[in-house]
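Engineer: A single structure is presented below for examination.
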Amino acid sequence: MKAATFLAALALGAVSLAAGAAVAADGPTLAAVKQRGHLMCGGDGTRPGISAPDAKGEWGGFDVDFCRVVAAAIFGDPTKVRFIALTTVQRFPSLQSGEIDVLSRSTTHNLTRDAALGFDFSPITMYAHTALMVHKDLGVKAGKELDGASVCVPPGTSIERNIADFWQQNNIKYKPVVIDNQKELNETYLAHRCDVIANFLPGLATIRAYQAAKPEDHVILPDVLLKEPLAITFRQGDAQWKDIVSWSVYATFEAEEKGLTSKNVDAALKSKDPEIQRLLGVTADLGEKLGLPKDFVYQIVKKVGNYEEIWEKNVGKDAPLKLDRGLNKLWRDGGVLYSPPFQ
């Protein structure tokens, strides 16, 4: 009798716990963001197509849109985000101090940043790699031909370390030209004051497409110096915030896989597909488990877009950068983008 009573009480407690977990309370980061009324996002501010304000001061680009994704998930309004331009040296202290809620600045997820600096990361938003761009008149076709070259490189980055490793591995020498301000670094290269500029492939494409007087005078070499998985970065210690940012990114992957776009998502609300109904919050409260509105995925897709839309608008074949998606395709299309189930 006592055992039966105990089991009944245990079952009732489990049901109560499950019911209580249906709507998540606001954690410290979400509460602060809501009270402020907008998300604070650290960005680059110098790379059109990736992260930069236009002539009217309106920020745009691939990294920028992923901050808007998070804002849309929280507020249903992608404009409720403020951007702060940060150099490579400023970005981590700004995040650690709480000046920003998220850093979306082409930041590589690596062990040291994860384990020693106190950061967490979203799912990878772009699979990139460190690459080299040279002046065409050098006549160089591969990095191993750059013995004695001067290399423009940003300090305190994985790029700086990758350059040192690459030249050492190829038993050649180089002269580093280290400048923290990205705009000044780009201008130094374009003025022919260094032979090579090193950056993530998207960054080099931005310099060539938007800043070079003659893009055809600059060649991105085929060398892959190191994998650079780029992700949104945020402080450790707030599990709910990690879930919010992560599942907001996953929503863009899942929406593309389900064929949901900013143009058809309204019609999809009437879909009879149970997975789409759950995803859009028609028949499930998945958003509320995160502390978000139940239709947070709908808000992301309607007001920012799915992953393909974000890619093509900012860096794809019809944009000035004209980057091939490569690994950034969905898993079913030969890439590695993959979302866990929205269940």
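The values are calculated or read from the model by the stated rules, or taken from the named source; none is laboratory data. Only a predicted model underlies this, so the values are computations on that prediction, with no experimental measurement involved. Every residue, glycine as well, gets a Cβ built from its backbone with ideal geometry; the counts of neighbours run over all protein chains shown.
Engineer: Considering only residues that are of a type in the set (D, E, K, R) and assigned to a loop (DSSP other than H, G, I, E, B), look in the stretch 275-309 and name the one that is nearest to residue 255 (Cα to Cα). Lay out the reasoning, then the answer.
Structural biologist: Step one: list which residues in the stretch 275-309 are of a type in the set (D, E, K, R), which gives 275, 278, 285, 288-289, 294-295, 302-303, 308-309.
Then drop every residue that is not assigned to a loop (DSSP other than H, G, I, E, B), which leaves 285, 294-295.
Working: 285: 17, 294: 15, 295: 13 Å.
For the stretch 275-309, the residue satisfying everything is 295.
Engineer: Among the residues of the stretch 143-160, write down those that are modelled with pLDDT under 95, surrounded by fewer than 16 Cβ atoms within 10 Å (Cβ to Cβ) and not small (Gly, Ala, Ser).
Structural biologist: 155
Engineer: Looking at the stretch 296-335, which of its residues are free of Cβ contacts under 8 Å to residues at least 24 places away in the same chain and surrounded by 18 or more Cβ atoms within 10 Å (Cβ to Cβ)?
Structural biologist: Within the stretch 296-335, 316, 325, 329 qualify.
Engineer: Still on this structure, I have one more. List the pairs whose first member sits in the stretch 114-139 and is assigned to a helix (DSSP H, G or I), whose second member is aromatic (Phe, Trp, Tyr), and whose Cβ atoms are under 7 Å apart, counting only residues at least 6 apart or on separate chains?
Structural biologist: Listed by first residue and then by second, the contacts come to 114/121.
Engineer: Looking only at the stretch 164-189, count every residue that is of a type in the set (A, V, I, L, M, F, W, C) and either touching a helix residue (DSSP H, G or I) at 6+ places or on another chain (Cβ under 6 Å) or more than 29 Å from residue 53 (Cβ to Cβ) (or both) and tell me the total. Please lay out each step first, then the result.
Structural biologist: Kept after step one, since they are of a type in the set (A, V, I, L, M, F, W, C), are these residues of the stretch 164-189: 164, 166-167, 172, 177-179, 185.
Those still in the list that are either touching a helix residue (DSSP H, G or I) at 6+ places or on another chain (Cβ under 6 Å) or more than 29 Å from residue 53 (Cβ to Cβ) (or both) too: 164, 166-167, 172, 179.
Residues flagged as of a type in the set (A, V, I, L, M, F, W, C) and either touching a helix residue (DSSP H, G or I) at 6+ places or on another chain (Cβ under 6 Å) or more than 29 Å from residue 53 (Cβ to Cβ) (or both) within the stretch 164-189 amount to 5.
Engineer: Among (1) in contact with a Leu (Cβ under 6 Å, 6 or more places away or on another chain); (2) on the phi < 0 side of the Ramachandran plot, there is one condition residue 75 misses while meeting the rest; what is its number?
Structural biologist: (1)
Engineer: Looking at the stretch 242-259, is at least one residue more than 20 Å from residue 121 (Cβ to Cβ), in a loop (DSSP other than H, G, I, E, B) and of a type outside the set (Lys, Arg)? Before you say what the answer is, go through the steps one by one.
Structural biologist: Step one: of the stretch 242-259, the residues more than 20 Å from residue 121 (Cβ to Cβ) are 255-259.
Then keep just the ones that are in a loop (DSSP other than H, G, I, E, B); that gives 258-259.
Those still in the list that are of a type outside the set (Lys, Arg) too: 259.
Yes, the conditions are met somewhere in the stretch 242-259.
Engineer: What residue, of 284, 251, is surrounded by fewer than 24 Cβ atoms within 10 Å (Cβ to Cβ) and either hydrophobic (A, V, I, L, M, F, W, C) or touching a Cys at 6+ places or on another chain (Cβ under 8 Å) (or both)? It would help to see each step written out before you state the result.
Structural biologist: Details: 251 fails: surrounded by fewer than 24 Cβ atoms within 10 Å (Cβ to Cβ).
From the options 284, 251, the qualifying one is 284.
Engineer: Still on this structure, I have one more. Taking into account only those residues within the stretch 92-117 that are among the charged types (D, E, K, R) and crowded, with 23+ Cβ neighbours inside 10 Å, which is nearest to residue 160 (Cα to Cα)?
Structural biologist: Filtering the stretch 92-117 for residues that are among the charged types (D, E, K, R) and crowded, with 23+ Cβ neighbours inside 10 Å, the one nearest to residue 160 (Cα to Cα) comes out as 105.
Yes or no, residue by residue, for (1) under 21 Å from residue 212 (Cβ atoms); (2) hydrophobic (A, V, I, L, M, F, W, C); (3) assigned to a strand (DSSP E or B); (4) touching a residue at least 60 places away in the same chain (Cβ under 8 Å):
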site	(1), (2), (3), (4)
162	no, no, no, yes
172	no, yes, no, no
176	no, no, yes, no
186	yes, no, no, yes
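Engineer: Further, regarding this structure: Out of 233, 252, I need the residue that is hydroxyl-bearing (Ser, Thr, Tyr) and in contact with a Leu (Cβ under 6 Å, 6 or more places away or on another chain). Which one?
Structural biologist: Details: 252 fails: in contact with a Leu (Cβ under 6 Å, 6 or more places away or on another chain).
Unique residue meeting the criteria: 233.
Engineer: Still on this structure: Name the residues in the stretch 57-76 that are under 18 Å from residue 306 (Cβ atoms) and not β-branched (Val, Ile, Thr), would you?
Structural biologist: 60, 61, 62, 63, 65, 66, 67, 68, 71, 72, 73, 76, listed by residue number.
Engineer: Of these, 41, 67, which one is assigned to a helix (DSSP H, G or I) and buried (at least 19 other Cβ atoms within 10 Å of the Cβ)?
Structural biologist: Answer to the selection: 67.
A quick yes/no check of all residues on (1) free of Cβ contacts under 8 Å to residues at least 12 places away in the same chain; (2) surrounded by fewer than 17 Cβ atoms within 10 Å (Cβ to Cβ); (3) assigned to a loop (DSSP other than H, G, I, E, B); (4) among the small types (Gly, Ala, Ser):
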{"site": "199", "(1), (2), (3), (4)": "no, no, no, no"}
{"site": "202", "(1), (2), (3), (4)": "no, no, no, no"}
{"site": "205", "(1), (2), (3), (4)": "no, no, no, yes"}
{"site": "213", "(1), (2), (3), (4)": "no, yes, yes, yes"}
{"site": "216", "(1), (2), (3), (4)": "no, yes, no, no"}
{"site": "219", "(1), (2), (3), (4)": "no, no, no, no"}
{"site": "222", "(1), (2), (3), (4)": "no, yes, yes, no"}
{"site": "225", "(1), (2), (3), (4)": "no, no, yes, no"}
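Engineer: Answer yes if at least one residue in the stretch 259-274 is over 18 Å from residue 78 (Cβ atoms), crowded, with 16+ Cβ neighbours inside 10 Å and under 22 Å from the mean Cα position of the chain (by Cα), and no otherwise. Give the steps one after another, and end with the answer.
Structural biologist: Within the stretch 259-274, the subset over 18 Å from residue 78 (Cβ atoms) is 259, 264, 267-274.
After this cut, where a residue has to be crowded, with 16+ Cβ neighbours inside 10 Å as well, the list is 268, 271.
Those still in the list that are under 22 Å from the mean Cα position of the chain (by Cα) too: none.
The answer is no; no qualifying residue exists.
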